[in-house]
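Contents: one structure, followed by commentary.
The values are calculated or read from the model by the stated rules, or taken from the named source; none is laboratory data. Since the model is a prediction, treat every value here as computed from it, not as a measurement. When we count neighbours, we look across all protein chains shown, and the Cβ atoms used for this are built from the backbone with ideal geometry, even at glycine. Side chains included, ligands, DNA and RNA excluded: accessible areas come from the protein's heavy atoms. Shrake-Rupley method; radii C 1.70, N 1.55, O 1.52, S 1.80 Å.
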Amino acid sequence: PIDGRIIMLFRFGDRIEDEVVYWLNAAGYTVEGQQSGFEDYRGFFRGHCDGIIHGITSMPHILEVKSANDNKFKAFKKAGVRATYAQYYAQCQCYMGYSNLERALVVVQNKNTSEIYTERIYFNQNDFDAYKCRAKNIITAIDPPERMFSEKSIECRWCSSNLACRNGENILSDHICGTCRY
């Protein structure tokens with residue numbers, strides 16, 4: 001069972017996106033296309049951006065809103081999105097690539113202080129091509145890829161398919177989490 005305090009933190013993180021979009025609109029920017037998505041490889045490779053923001057420059061940007069605890073927030077400020085959380089960078093590259101946009105705006109809110117960090121990310125065709133190729137290789141592979149996380153990692157422990165992945169138990173055919181070998 002997940003502690004109620006942790007559930008509250010997750011719900012708080014979910015609400016941050018709505019608040020950031022509200023404040024961006026109030027500041028004169030226009031955010032549209034919330035949860036605009038892409039899919040490729042028969043739907044096995046897909047994602048949904050948090051929106052498309054207009055008014056940063058003359059060109060629209062993909063909008064990605066994240067929240068972070070104080071330590072992770074400081075890392076974002078010090079090293080940037082790509083170095084701190086490569087998955088977020090990859091998400092932005094894919095959203096830009098599939099949307100034919102050249103820029104993304106990542107907004108990170110500190111859960112402890114409500115401080116905001118923003119970073120513009122530019123489209124990189126080589127990175128986008130590499131992410132698409134990696135997705136295709138994983139999706140079309142005969143054998144599952146090596147597990148990304150150790151059994152004791154938080155990602156593995158909190159995954160709803162943990163038992164099936166680690167112990168080989170059958171899982172329902174409609175249950176797809178996308179993080180383990182199934």
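What the table below lists for this structure:
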| read-out | value |
| --- | --- |
| Elements of type strands (runs of 3 or more DSSP E) contained in the stretch 1-109, each with 3 or more residues being touching a helix residue (DSSP H, G or I) at 6+ places or on another chain (Cβ under 9 Å) | 37-40, 45-48, 51-54, 61-68 |
| Top-ranked residue of the stretch 1-44 - restricted to ones that are modelled with pLDDT of 90 or more and β-branched (Val, Ile, Thr), ranked as nearest to residue 158 (Cα to Cα) | 16 |
| Selection within the stretch 91-127 - open to solvent by less than 50 Å² (accessible area, probe 1.4 Å) and over 27 Å from residue 15 (Cβ atoms) | 97, 127 |
| Filter result for the condition that a residue is hydrophobic (A, V, I, L, M, F, W, C) and touching a Phe, Trp or Tyr at 6+ places or on another chain (Cβ under 8 Å), over 65, 106 | 106 |
| Counted residues, the stretch 24-55 - those being surrounded by 14 or more Cβ atoms within 10 Å (Cβ to Cβ) and either under 23 Å from residue 114 (Cα atoms) or in contact with a Ser or Thr (Cβ under 8 Å, 6 or more places away or on another chain) (or both) | 15 |
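Every residue, every condition in (1) in contact with a Leu (Cβ under 6 Å, 6 or more places away or on another chain); (2) at pLDDT 90 or above; (3) assigned to a helix (DSSP H, G or I), yes or no:
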position	(1), (2), (3)
119	no, yes, no
137	no, yes, yes
149	no, no, no
152	no, no, no
181	no, no, no
